[in-house]
Number of protein chains: 2
Amino acid sequence: MALNDTPLFDEALLRNLTVDNGVISESNMNGLLLRPLCTRDYDKGFMNTLAQLTDVGDVSPEMFIDRFEEMKRLGNHYVVVVENTQTGSVVATALLILERKFIHACTTRGRVEDVVVCNSVRGKGLGKLLISTLTVLAEKLGCYKVTLECRPAKVPFYERFGYNVSEELYMQYRFGH
Amino acid sequence: MALNDTPLFDEALLRNLTVDNGVISESNMNGLLLRPLCTRDYDKGFMNTLAQLTDVGDVSPEMFIDRFEEMKRLGNHYVVVVENTQTGSVVATALLILERKFIHACTTRGRVEDVVVCNSVRGKGLGKLLISTLTVLAEKLGCYKVTLECRPAKVPFYERFGYNVSEELYMQYRFGH
């Protein structure tokens, strides 16, 4: 299977999303295109962008396609990318994941994960674009809430979008492999 | 479609899980059976048990089956229950959800959610049983880490299983519907 432009999810989901500050359409007009991930993004620097967030290891095109196909089959992993259409490179990405629940009359919850904007394009509002988009997308997809974890220094950033620090604490267990 | 005993996921995944304190087999011997959720649990008080955690709303058998089937189709939602085999009622439950990632060489992350033990059976080690089980299950399923959110008062409980409070903060955005 070759790398191609098939989107991870229906591109129409990203159309007509309205956010208070209108940042989504504004960014689209400046040579920056927000769209679903496709496998061709492997060649457009997607993993290099993610590498600015954390260790990404050694991912071959085959591994990338396998993971993409699994996410597509699941249908609840929404990876968006921002492409600089002039250079043809991915300069930002974020992930919205949906969890299905029995509580609250079989509700759905969203999680925002792996938000990263390349150093080269910081300060252009791409972080705002990603968070605005995934937050309204979560509501459009029926989520009763959307959550995320972040470093304390980033709290004011997320508060601008209506996120509040919870009284609950975030705990983790890392396996030794 | 009628309520039945088809498990949400392969029961074999819960066999031979080894935990340091051996609590899993110990609990099994006292008329308490840990197993995957099935739709018949609707009639065994599953929603009443969840209601001790939070609002569960009005869920019909059809809604329950639909949500169950969606989780089963997704294949990354692992709801376990503890049944009191003498009374035939569900007395505890918890959920492990897997997230697929591109980071860390296409890794997987686990999340523990919706952990609840009925008031009537508190103090019998069922909370330990659930957390021990889902933590080792997450490792068995290939997770590099497993995380959860909890109230500050519950931190010492989870620390016993190797969970650590993260420096990251947990933030949420609740939609108004």
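A short reminder: the numbers here are calculations on the coordinates, not readings from a lab. None of the values given here were measured: they were computed from a predicted structure.
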query: On the first, second and third principal axes, largest extent first, how far apart are the outermost C-alpha atoms of segment A:82-162 in Å?
result: 46, 29, 16
- line: Using alpha-carbon coordinates alone, the radius of gyration and Dmax of segment A:22-111 in Å work out to 15.1, 47
- prompt: How large is ³J(HN,Hα) for each residue in segment B:42-50, as worked out from phi by the Karplus curve 6.51 cos²θ - 1.76 cosθ + 1.60 (θ = phi - 60°), to whole Hz, x for Gly and Pro?
  reply: 4, 7, 9, x, 4, 5, 5, 5, 4
statement: Among A:Thr39, A:Thr54, A:Thr18, the residue with the largest mean-square fluctuation in a Gaussian network model of chain A built from Cα contacts under 10 Å is A:Thr54
field: 5 angstrom amide H check on B:Phe175, placed H, neighbours 5+ away
entry: A:Lys145, A:Val146
- prompt: How large is Rg/Rh for segment A:32-177, to two decimals, with Cα atoms and a Kirkwood Rh?
  reply: 0.96
task: Evaluate the protein assembly as shown: find the radius of gyration of its Cα atoms, find its Kirkwood radius, and give the ratio Rg to Rh.
output: 0.98
message: As an exercise, find the ratio Rg/Rh for segment B:41-84 from alpha-carbon atoms, using the Kirkwood inverse-distance average for Rh.
response: 0.96
Residue among A:Leu13, A:Leu134, A:Leu34 with the largest mean-square fluctuation in a Gaussian network model of chain A, springs linking Cα atoms under 10 Å: A:Leu13
query: Which whole-percent values make up P(r) of segment A:71-121 when all C-alpha to C-alpha distances are grouped in 5 Å steps starting at zero?
result: 5, 17, 20, 18, 15, 11, 7, 4, 3, 1
